[in-house]
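Structure first, then comments.
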Amino acid sequence: MKRALVLGSQIEGLNGVDTDTRLMTAMLQSRGFVVDRRTGDQATRDGILAGYDKLIADSGDGDAAVVYYSGHGFYSTVAAEQSRSWQCIAPTDLRQGSVNDFRGITAWELAIKQTQLTTKTKNVTVILDCCHSSQMSRDAAVRDAV
């Protein structure tokens, strides 16, 4: 089985995300993928993580899985630790968060999800179409992936 999670967060003046996700969805479907496309109010923090969890749950040995994200990537810091930062992707509800409710999705969270996915199938591709995506989905988390 071929499955894909296509995510798009068109916020803060970013243009083209909806077009990118629509075209990526069409391309993947033309190659036999079943696509879960989450944009707008489906691309909140909870919506993105739920989509990733669904992809993990539905995947099995020998399946192909693709995760595609189009949107803002950024570095975030904790006020008390300005010297320490985390790479993140920005869901559509990013600015609805607070000091006690961070809505970004960190590289570490993405790496954990990727590890969970690659334990189900080794055929995983992650495409991050955003700034600051270098090492966002970390190699250390996905040993033995193909």
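None of the figures in this text is laboratory data; all of them are computed from the coordinates on show. Computed from a predicted model, the values in this text were never measured in an experiment. All Cβ positions, even for glycine, are placed from backbone atoms using ideal geometry, and neighbour counts span all protein chains on display.
Using θ = phi - 60° in the Karplus curve 6.51 cos²θ - 1.76 cosθ + 1.60, the 3J(HN,Hα) couplings for segment 11-28 round to 10, 6, x, 6, 10, x, 4, 4, 5, 4, 5, 5, 5, 5, 4, 4, 5, 5 Hz; x is entered for Gly and Pro. Amide H contacts of Ala64 (H built 1.01 Å from N, in plane; Pro and chain starts excluded): Lys2, Arg3 sit under 5 Å, all sequence-distant by 5 or more or on other chains.
Based on alpha carbons, the Rg and Dmax found for segment 33-75 are 11.6, 35 Å. In this structure, the amide hydrogen of Arg38, modeled 1.01 Å from its nitrogen in the peptide plane, lies closer than 5 angstrom to those of Val6, Leu7, Gly8, counting only residues at least 5 positions away or on a different chain.
Listed peptides 86-92, 115-121 appear in the order 86-92, 115-121 once ranked by packing, highest mean of other Cβ atoms within 10 Å at the front. With the convex hull of the Cα atoms taken as the outline of segment 15-130, the averaged projected area works out to 7.8 nm². Of the residues Gly62, Ala4, Gly40, the one whose Cα sits farthest toward the positive end of the charge dipole of segment 1-93, with +1 on the Cβ of Lys and Arg and -1 on the Cβ of Asp and Glu, is Gly62.
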